[in-house]
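Taken together, the values in this text are just the output of simple stated rules run on the coordinates, not laboratory data. Remember, predicted model here, so these are calculated numbers, not experimental data. Positions of Cβ are backbone-derived with ideal geometry, glycine not excepted, and every protein chain shown enters the neighbour counts.
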Amino acid sequence: MRAMLRKQEKRPGFGRCHADNKKWPNAFFTAEETTNWRAVCGRTACTVRREGRVTPSLPLSTRALPWTPMRCRVVNRDSTRINLVPRQRRGMVIPWLLLLLLNGCNSGEEVKKPQATPPILVVTAKAERKNLPVQVVTQGHLEACAKVALKSRVDGEILRVPSPEGAFVAAGDLLFEIDSRSFAAQLALLKANLKRDQAQLELARSQERRRKELLRTKAASDDQYDASRAALLVAEATVQADEAAIRNMDLNLEYARIRAPISGRIGRQFFKVGNLVKANDANPLAVIHQMDPLCLGFSVPERHLPMILEQQAKKHLPVIFQVPDGGQQGGEGRLTWMDNSVDRTTGTIPLQARISNPESRFWPGQFVQVRLQLYIQEGAIVVPTPALQNSPKGRFLFVIKGDKEQSIELRNVTVEREDEKEAVIGEGIDSHAEVVVTGQWRLKNGAKVHVQKAAAKVASP
């Protein structure tokens, strides 16, 4: 693309670029030097012919040569001004380089050494030797040791519900009262039938005695005596049947008043006053959960079974539990039951412990963290769990040496077990080693450190 530079008389130092293809007809630019112009004009290099003479406002006094080559690019393609930057001369590069070499090189002064890397700030903690319990950590749920679904054993209408929903009830408290007037009427009828049959029994007994005397004097035949004897036995059986019917009706009257079989907390009542209930209906009237004691159900991997059996044969195993996100809310119980088979689908064995809950702080169905304590390990070396680091070769710790510079030494260790707070080290460090807890990502073997603040000691169980 060719363009022609036309000198602008009204504004010295500016020119107008006319492209042959009329793409940028009025692109302004600033002339900072009369020779060797270089500017921005699109992405295409263009040769520009300059005309006229140098104006007094330009810095150089040389005459403008025609057909001076330039490279320019239009910043905005809608007729906006652009600046032209003069092309640097190659002859000026060598003097500048010589000047930099002369200023930078001074034979009378020694070259300064690079500054040493400052110590890295870290947080450390002391390893400790202490007695630590060996525990199996798992999860479990609290369960009611006794749970009763209340159902009616007779048909009738509910007349009264003395205990409200969610109330604590004791064994024997009245919970539901069913209409028992029909049972009372039937009981009165059965008692009347009993009196009638008892009178028939007395008559049969007297006849049997008389026939027996007549038979002794040969005044009555054997058939007559046998008939009176049979009538006596029938009367006795009838009285016994009446008495059994009365006892059954007494039970129905008792069933009409449903009482709590265990002490606990009653839940939602599915039938209210006025509802008609049926005997042995599929839907219970309410459910009672025993609150004290509670049972704690959990499962452990089958690999712990030999150790559990060995320690259970020596003593009762304590079970410690804690409610997640409940602060210090937790308790301790005792292992009371273990299933007789391992679940093949999960590879675990179910266990159960019993805990006391006199204040009803825990509820059935609550999720808890469980620790089954097997024995106490004496003299275990313990470090905070955040101090442990991983590598392709295994676990390691950054240990501070005893020198004055407080340098770091990387030590590979063997971890026996760990939890979220502390880890038991089998081999690799002694009980007085100072390990780095925070700031390991900047460390390497032999690095210098500065202990910023000592971490708190590992809490004893």
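Within 14 Å, Cβ to Cβ, of THR348, how many net charges do the neighbouring residues add up to if Lys/Arg are +1 and Asp/Glu are -1? The answer is -1. Ordering PRO350, GLN312, GLY379 by the projection of their Cα atoms onto the charge dipole of the range 310-383, which places +1 on the Cβ of Lys and Arg and -1 on the Cβ of Asp and Glu, puts GLN312 at the extreme positive end. Once backbone amide H atoms are built at 1.01 Å from N, SER263 has ALA171 as its partners under 5 Å, excluding neighbours fewer than 5 places away on the same chain. Restriction of the trypsin sites (Lys or Arg not before Pro) in the range 215-244 to DSSP coil positions whose beta-carbon has at most 15 other beta-carbons within 10 angstrom yields LYS218. For LYS315 and ARG259, the difference between the fully extended length at 0.36 nm per residue and the C-alpha to C-alpha distance is 16.1 nm. The H on the amide N of VAL300, modeled in the peptide plane, is under 5 Å from the matching H of ILE349, LEU351, each at least 5 residues off or on a different chain.
Could you list the residues of the range 273-315 with an amide nitrogen less than 18 Å from a label point located 7 Å from the Cα of MET338 in the Cα-to-C-beta direction? Answer for the range 273-315: 296-315. Modelling each spin label as a point 7 Å along the Cα-to-Cβ direction, I'd like the GLU378/GLU243 distance in nm, to one decimal. Label at GLU378, label at GLU243, 7.2 nm between them. Placing a label point 7 Å from the Cα of ASP179 along the Cα-to-Cβ direction, the residues of the range 264-298 whose backbone N falls under 11 Å of that point are 274-277. Charged neighbours of PHE183, selected by a Cβ distance under 13 Å, balance to -1 (K, R count +1; D, E count -1). Residues whose amide H falls under 5 Å from that of ARG153, counting only those 5 or more places apart or on a different chain, are ASN280, with hydrogens built in the peptide plane. Here each label is just a point 7 Å from Cα along the line to Cβ, and for ASP419 and HIS304 those points are 1.1 nm apart.
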